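Okay, structure first, notes after.
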Amino acid sequence: SIHEIDWPKEKLKEKAEEWVVRVYNNSKYVTRLNNETQVITKGSFDVGADFKSAFGGFKVFVERTVDYTMDIESKDGRVKFEINQLSMEGGGFPTQIMWYLNDLEGYKSIMRDYCENNDFTGRKYLLNRLDNDKKVSKDYQNTSDHGKEIIAQIIDKLDSLNDSFYKFLKSEKSKDDW
C-alpha cells in the first residue's frame, strides 16, 4: 500500500529504517538492501491450524513458517510498503500458499505430481486415494479448510505489519508537530 506523509523522501526512508530496527530483533540480519530511497528486508512468522489427516482421519495441529520479503520505498510525500515473495515451510509436507487456492482438479494434479516425483512413506496410499473420487474429495475439503485458516492468519499478519508501519509514521509525524 502507499501511505501519504508530508515529508521529504530522505526522512521517510530514515523513518522506515527506524521502524525496521524497532520491529525486528536483528535489523542488520534481515535487511537485504538499504539505499537512498529503499529498504528491503526478509522476515518470517509462524501460522498454524488443525488438519484432518488422510492417514487415519485424525486431526493434527500443523504449524508452518511463512517467509516474506518486505520492500519499503520512499518518494517525497509518500512511501510504498509492499510484501512479496511469500513462501511456506513446515508440517512435514512442502506446501505452496497457492496450493490452498486450487479447485479439486488442481489439487488432484498437484498431489499426483508430488506423489509421482517424490519418495516418501505413504506415497502409494495417497496415489490410491487420488483414484477414489469420494476419498480425494474429502482430502481436498480437509486441505481447503486448513488452507482457509492458514491464509486468514497470513493476511492478518501482513495487515498487522502494514498497520504497524503506518501507525509508526503517523505517531512520528505528530511528535514532529508538538
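Return the residues of segment 28-53 that are farther than 18 Å from Ser160 by Cβ and in a helix (DSSP H, G or I); say none if nothing qualifies. Full working, then the answer.
Of the residues in segment 28-53, the ones farther than 18 Å from Ser160 by Cβ are 28-29, 31-40, 50-53.
Answer for segment 28-53, where residues must be farther than 18 Å from Ser160 by Cβ and in a helix (DSSP H, G or I): Lys28, Tyr29.
One line per residue, one yes/no per condition, for (1) within 16 Å of Ser53 (Cβ to Cβ); (2) at pLDDT below 95; (3) open to solvent by less than 80 Å² (accessible area, probe 1.4 Å):
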{"position": "Asp103", "(1), (2), (3)": "no, yes, no"}
{"position": "Lys108", "(1), (2), (3)": "no, yes, yes"}
{"position": "Met111", "(1), (2), (3)": "yes, yes, yes"}
{"position": "Arg123", "(1), (2), (3)": "yes, yes, yes"}
{"position": "Leu126", "(1), (2), (3)": "yes, yes, yes"}
{"position": "Lys138", "(1), (2), (3)": "yes, yes, no"}
{"position": "Asp145", "(1), (2), (3)": "yes, yes, yes"}
{"position": "Glu149", "(1), (2), (3)": "yes, yes, no"}
Could you list, in sequence order, the residues of segment 117-153 that are charged (D, E, K, R), more than 16 Å from Glu105 (Cα to Cα) and free of Cβ contacts under 8 Å to residues at least 12 places away in the same chain?
-> Asp119, Arg123, Lys124
Cβ-Cβ under 6 Å pairs, at least 6 apart or on other chains, segment 80-100 side closer than 22 Å to Asp163 by Cα, far side aliphatic (A, V, I, L, M) and modelled with pLDDT of 75 or more = Lys80/Ile2; Phe81/Ile72; Ile83/Met70; Ile83/Leu158; Leu86/Ile97
Pairs, first within 13 Å of Val20 (Cα to Cα) in segment 157-168, second in a helix (DSSP H, G or I), C-beta under 6 Å, six or more apart = Phe165/Trp19; Phe168/Trp19
Just wondering, is there one or more residues in segment 4-25 that are in a loop (DSSP other than H, G, I, E, B), free of Cβ contacts under 8 Å to residues at least 12 places away in the same chain and within 20 Å of the chain's Cα centre (by Cα)?
-> yes
Criterion violated by Met98 - all others in (1) open to solvent by 50 Å² or more (accessible area, probe 1.4 Å); (2) in a strand (DSSP E or B); (3) under 21 Å from Leu158 (Cα atoms) satisfied = (2)
Of the conditions (1) open to solvent by less than 70 Å² (accessible area, probe 1.4 Å); (2) farther than 17 Å from Ser53 by Cβ, Glu116 clears all except one; give me its number.
-> (1)
Quick one: count up the residues across segment 54-67 that are in a loop (DSSP other than H, G, I, E, B) and either free of Cβ contacts under 8 Å to residues at least 40 places away in the same chain or open to solvent by 70 Å² or more (accessible area, probe 1.4 Å) (or both).
-> 4
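Does Met70 fit the bill of being touching a Pro at 6+ places or on another chain (Cβ under 9 Å) and surrounded by 12 or more Cβ atoms within 10 Å (Cβ to Cβ)?
Working: touching a Pro at 6+ places or on another chain (Cβ under 9 Å): no; surrounded by 12 or more Cβ atoms within 10 Å (Cβ to Cβ): yes.
No; evaluated as a whole, the condition is false for this residue.
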Determine which single condition Arg123 fails, assuming it passes every other condition in (1) basic (Lys, Arg); (2) within 30 Å of Asp163 (Cβ to Cβ); (3) over 20 Å from the mean Cα position of the chain (by Cα).
-> (2)
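The values are calculated or read from the model by the stated rules, or taken from the named source; none is laboratory data. Quick caveat, the model's predicted, so the values are computed rather than measured. Every residue, glycine among them, receives a Cβ derived from its backbone with ideal geometry; neighbour counts consider all protein chains shown. These area figures cover heavy atoms from the full protein model, side chains too; ligands, DNA and RNA do not enter into them. Shrake-Rupley method; radii C 1.70, N 1.55, O 1.52, S 1.80 Å.
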